[in-house]
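The values are calculated or read from the model by the stated rules, or taken from the named source; none is laboratory data. Every value quoted in this text rests on a predicted model; they were computed, and no experiment measured them. Cβ placement follows ideal geometry from the backbone for every residue including glycine, while neighbour counts extend to all protein chains displayed.
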Amino acid sequence: MQFNNTREDVENQETEILHDYTKSGKERPWKEKKLSNMSYVEILTMLQIKKAKNVRECGKVLEFKAQDDGYLKLYKTWFCKSKLCPVCNWRRAMKNSWQAQRVVEEVIKEKPKARWLFLTLSNRNSIDGLSMDQSIREMTKAFDKLVKYKKVNKNLIGFMRTTEVTVNKQDGSYNQHIHVLICVEPTYFKGKENYIEQAEWVQLWRRALKINYEPVAHVKAIKPNKKNDSAIVSAIKETSKYSVKESDYLTDDVEKNKEIIADLEQGLHRKRMIAYGGLLKIMHKKLNLDDAEDGNLIQTSSEDEKISEEEAKANSIIAVWNFEKQNYFLK
């Protein structure tokens, strides 16, 4: 974050709007996310859901510390950590992606010949919060079974899995699905006794779910390289994205929003949306990374690394959300 103060700003500091930039020059969407947060609060209030007051306070006051390069680093704020809060979901997705990239880098160092797969698993759409709750529970149990099956487990090194829910715009149903970044031994691609065909993944997933229909199980091999737009980075981003897109539950139709948010609040309650297994879990622990889902949302990337004692002594710059003007202003 850099400041280019005009004479007007100097004369009247209360009117200065927060502009927070990454080192690549992209402005962080604090205002947009807080506006979406307020729309979410309105729906929670209509539904008389108690946490509405807490969600309203999310990210209301932001404290930054000045850096030598002219940018600011987020030092303190309070996040509500609601699964549907747009502010928290934005921070959580960044943190998930950053942590996953660090974990994958460490795994590649230890297992340079390992291969990577991107697996998407789904089952029938749910129609309300109760059926979504049940469906996600069933999928989580089924996934735990799937990775223990002999043919899957024999070449499995580790995985990262996330659960995502999307809203079907045509019929209003919910599609819950799991994205899995899987690391396997190179022997996985050698011979029928090791390699799992697309159709076989479907049958294994069907067996794990204990269902009488063909579920979705789509797998593709990905190859890491040193480019920033590599297939594995794309897979990491796909695996680390929001559990639910805010565009699915913050639309122009308030009544529909109420129905969707009520269902999602019920269906996602106390659900673990992110999990690591095998060597990826070991590396996550070795790197001393905290819980990406429910941990610290202040440090979300390499640019947000924990502030040193020296940095903490620097002057604080405070930005406060103005509910009437609907923007952050520097205090």
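If only residues of region 33-59 that are outside any helix (DSSP H, G or I) and surrounded by fewer than 17 Cβ atoms within 10 Å (Cβ to Cβ) are counted, the one that is nearest to the chain's Cα centre (by Cα) is LYS51. Screening LEU279, LEU264 for residues that are under 20 Å from HIS179 (Cβ atoms), outside the structural domain of ILE178 (by TED's automatic domain parsing) and not polar (S, T, N, Q) leaves exactly one candidate, LEU264. With respect to the conditions (1) of a type in the set (Val, Ile, Thr); (2) assigned to a loop (DSSP other than H, G, I, E, B); (3) more than 19 Å from VAL61 (Cα to Cα), ILE260 lacks only one, and its number is (2).
When region 193-222 is limited to residues that are among the polar types (S, T, N, Q) and not in a loop (DSSP other than H, G, I, E, B), the one that is farthest from VAL147 (Cα to Cα) turns out to be GLN198. Filtering region 82-116 to residues that are surrounded by fewer than 21 Cβ atoms within 10 Å (Cβ to Cβ), not in a helix (DSSP H, G or I) and not basic (Lys, Arg) leaves PRO112, ALA114.
Checking each residue in region 158-192 for being assigned to a loop (DSSP other than H, G, I, E, B), farther than 26 Å from MET132 by Cα and touching a residue at least 40 places away in the same chain (Cβ under 8 Å) picks out only GLU185. Which residue is modelled with the lowest pLDDT, if the candidates are limited to region 229-246 and must be small (Gly, Ala, Ser) and in contact with a helix residue (DSSP H, G or I) (Cβ under 8 Å, 6 or more places away or on another chain)? Selected residue: SER240. If you filter region 1-32 down to residues that are farther than 25 Å from CYS85 by Cα and assigned to a helix (DSSP H, G or I), you find that the one that is modelled with the highest pLDDT is THR15.
This table checks each residue for (1) surrounded by 12 or more Cβ atoms within 10 Å (Cβ to Cβ); (2) of a type outside the set (D, E, K, R); (3) more than 20 Å from VAL41 (Cα to Cα); (4) touching a Pro at 6+ places or on another chain (Cβ under 9 Å).
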| position | (1), (2), (3), (4) |
| --- | --- |
| GLN266 | yes, yes, no, no |
| ILE282 | yes, yes, yes, no |
| ALA319 | yes, yes, yes, no |
| PHE323 | no, yes, no, no |
